[in-house]
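Data first, discussion second: the structure below is written as structure tokens.
The values are calculated or read from the model by the stated rules, or taken from the named source; none is laboratory data. Values in this document were obtained by computation on a predicted structure and should not be read as measured data. Every residue, glycine as well, gets a Cβ built from its backbone with ideal geometry; the counts of neighbours run over all protein chains shown. Heavy atoms of the whole protein, side chains included, go into the accessibility calculation; ligands, DNA and RNA do not. Shrake-Rupley method; radii C 1.70, N 1.55, O 1.52, S 1.80 Å.
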Amino acid sequence: YTLAESGFVELVISDLLGKKITTLVTQIKGRGSHTAQFDAKQLSSGLYFYTIRSGKFSDTKKFLLIQ
């Protein structure tokens, strides 16, 4: 993910029902590009969502996990 400005970032993975699976990032990050590692070994294949929040910005996108 890329941040336009420094700030507190939260990156959360949730399932189709909205249940939080894990939180990947909860810290202040600097401006620029960053990566986060997601270990999905314990999850079954299916549709999941990630939500990223930073400052006034918030976005949720879906992704398909295939094991």
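Mean sequence separation of contacting Cα pairs (under 8 Å, at least six apart), scaled by the length of the chain, corresponds to a relative contact order of 34 percent.
Look at where the Cα atoms of the range 7-35 and of the range 39-61 average out, and the two centres are 7 Å apart.
Computed from label points 7 Å out along Cα-Cβ, the spacing between SER44 and PHE57 is 3.5 nm. Please identify the chymotrypsin sites (Phe, Trp or Tyr not before Pro) of the range 23-67 that satisfy two criteria: DSSP loop assignment and at most 16 other Cβ atoms within 10 Å. Which are they? Of the chymotrypsin sites (Phe, Trp or Tyr not before Pro), the ones in loops of the range 23-67 whose Cβ has at most 16 other Cβ atoms within 10 Å are PHE38. Per residue, the convex hull around the alpha carbon atoms of the chain comes to 85 Å³.
Counting only protein heavy atoms and using a 1.4 Å probe, the accessible area of ILE66 comes to about 130 Å².
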